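Everything on this sheet refers to the single structure shown next.
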Amino acid sequence: MVRESRPEPELIQPDPPLWERAAVMIVVIMLTGALIGPVFAPTQEETPALRLVWLPIYGLIAGLITLRFDKVARAWPAWIALLALVALAYASKYWSIDPATTGRRVIAMAITGAFAVYLGARFGAAALPRLLTHAALVMAVGSLVMVFAFPAIGVHHDVNAGLWRGLWYEKNQMGIVMVAGAIAAAATLASSDPRRLLPFVTLALTTLLVLATQSKTSLLCLMLGVGVVGGLWTLRKGGAAFAVVMVWLGVVVAAFATWAWSTHSVEILEALGKDPSLTGRTNIWASLMRRVGERPWTGYGYNAFWGRESVPAAFVRQETGWTVPSAHNGWIDVLVQLGWPGAILVGTLTALTVLITLLRVGAAGAREGYWALGYFTAFFLLSLSESILLSHQNLPWVLFLAMLTRAVMPNPAPVRATLAPRSTGAYLTGSRIAAQYAHGPVRRPFPVR
């Protein structure tokens, strides 16, 4: 007699309770600067009102960490990494060209960094991309409301007239947030979560909003990030032979792309409609590297370089001929703030995070829908054109630290979804598993009732 073939049960981790997810979503949305910035700081400067708005958010973060202290304490390697970053940034106060700003923003960086560790420790497996999917859906819908109901806020009216910016100051900010949401939605679709409607709608809306910004950097990040998630999912489903063929094709394509860029970068940029100087970025970088040469081992202090009264920033603005707001490159921005020690520290943490994530990409990656690798691909590309590294209030950096935390956290003992009796042929739902898990570990199969 041939035994009936039955599928392998999925490994499911219960989500945190609804109130906790809602609280975390509020913090995540705040970290994007959605609506709060344009309302409380329309000139894009730090104001007393904006600081007051953040105070209850800091209190909420402290409460979440305190409530889940036993969980976040297990992520002690991530706390050591965060402590090293905070210590170096705080030490720069003693040679900073703006000590007050450095001291204030180091505190903000420490608090949001602690939230990142909590986020990575508390939201394991597919829970984090699922949370980001829901947050992105809320912000995408809010952006559409602003575009069509309040176009004075949701649409550019200056040099980028007609382009959408949604809940943010400018289109690039919306592009960055929507890219993160699209990758999270793709990862949720690639995970074992049977709920497909919301992730699909989120992926569609975030992609639409990225296209509406006409930001080629955001579009490239979207294609690469979602492509990595889809590619890894395809490799997992296609079997060993298919995986070998796809990896070989990937190596060939990567080698060809590297050769094409190294020999025809100007032609490629012009074909994409981009200025070969990257809209003046190369001039900014050249000027900044001259400033780095003046203070290679100390920098000018954490978050101090771009102040309105900054003399070195004034030199950069004079040399480039326009009011440069940032380095438009995360690595160079770290150099001007903390010198080579800062850049080496951030680079080391980045390399370790990617290495550990790659080593754990098997079952752990499948359960999360390969979110970590997809997100890091977009994050690294973005860091080459935007100042997102070592930020004091910035979602991309917080998500990277959360990725680091998830990399160093031990895998929790998963809850195994048991099969129902043969007469029903159904799996236990995630809510039933979560309810059972809340009362203690599952020690034996339990039937659907």
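Among residues of the range 157-179 that are closer than 14 Å to Leu144 by Cα, those with a beta-carbon under 7 Å from a residue that is of a type in the set (A, V, I, L, M, F, W, C) and assigned to a loop (DSSP other than H, G, I, E, B) at least six positions away or on a different chain give the pairs Leu167/Ala34; Leu167/Leu35; Trp168/Ala34; Lys171/Leu163; Met174/Trp168. Scanning the range 98-126 for residues that are crowded, with 22+ Cβ neighbours inside 10 Å and over 22 Å from Thr405 (Cα atoms) yields a total of 1.
So that you can scan it fast, the table gives a plain yes or no per residue for (1) over 23 Å from the mean Cα position of the chain (by Cα); (2) under 26 Å from Gly307 (Cα atoms):
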residue: Leu64; (1), (2): no, no
residue: Trp79; (1), (2): no, no
residue: Leu83; (1), (2): no, yes
residue: Tyr94; (1), (2): yes, yes
residue: Tyr118; (1), (2): no, no
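Checked against the criterion of being small (Gly, Ala, Ser), open to solvent by 10 Å² or more (accessible area, probe 1.4 Å), at pLDDT below 95 and under 12 Å from Gln214 (Cα atoms), the range 149-170 has at least one qualifying residue.
Name the single residue that is modelled with the highest pLDDT among those in the range 1-32 being hydrophobic (A, V, I, L, M, F, W, C), over 29 Å from Arg51 (Cβ atoms) and open to solvent by 100 Å² or more (accessible area, probe 1.4 Å). Only one residue fits best here, namely Leu18.
Within the range 197-238, the set of residues being in contact with a Gly (Cβ under 8 Å, 6 or more places away or on another chain) and among the charged types (D, E, K, R) comprises just one member, Lys216. Restricting Leu198, Leu209, Leu189, Leu203 to those that are open to solvent by less than 20 Å² (accessible area, probe 1.4 Å) and either closer than 17 Å to Phe379 by Cβ or not in a loop (DSSP other than H, G, I, E, B) (or both) reduces the list to Leu209. Pick from Ala286, Ala255: which is in a helix (DSSP H, G or I) and either at pLDDT below 80 or touching a Ser or Thr at 6+ places or on another chain (Cβ under 7 Å) (or both)? Among Ala286, Ala255, only Ala255 is in a helix (DSSP H, G or I) and either at pLDDT below 80 or touching a Ser or Thr at 6+ places or on another chain (Cβ under 7 Å) (or both).
Take the residues in the range 311-326 that are part of a loop (DSSP other than H, G, I, E, B) and open to solvent by 10 Å² or more (accessible area, probe 1.4 Å); name whichever of them is modelled with the lowest pLDDT. Ranking the qualifying residues of the range 311-326, first place goes to Trp322.
Scanning the range 347-370 for residues that are among the aliphatic types (A, V, I, L, M) and either open to solvent by 70 Å² or more (accessible area, probe 1.4 Å) or in contact with a Leu (Cβ under 6 Å, 6 or more places away or on another chain) (or both) turns up Leu352, Leu355, Leu358, Leu359.
The values are calculated or read from the model by the stated rules, or taken from the named source; none is laboratory data. Computed from a predicted structure; not experimentally measured. Quick reminder, even Gly has a Cβ in these numbers, built from the backbone with ideal geometry, and neighbours come from all protein chains shown. These accessible areas exclude ligands, DNA and RNA; they are computed on the full protein's heavy atoms, side chains included. Shrake-Rupley method; radii C 1.70, N 1.55, O 1.52, S 1.80 Å.
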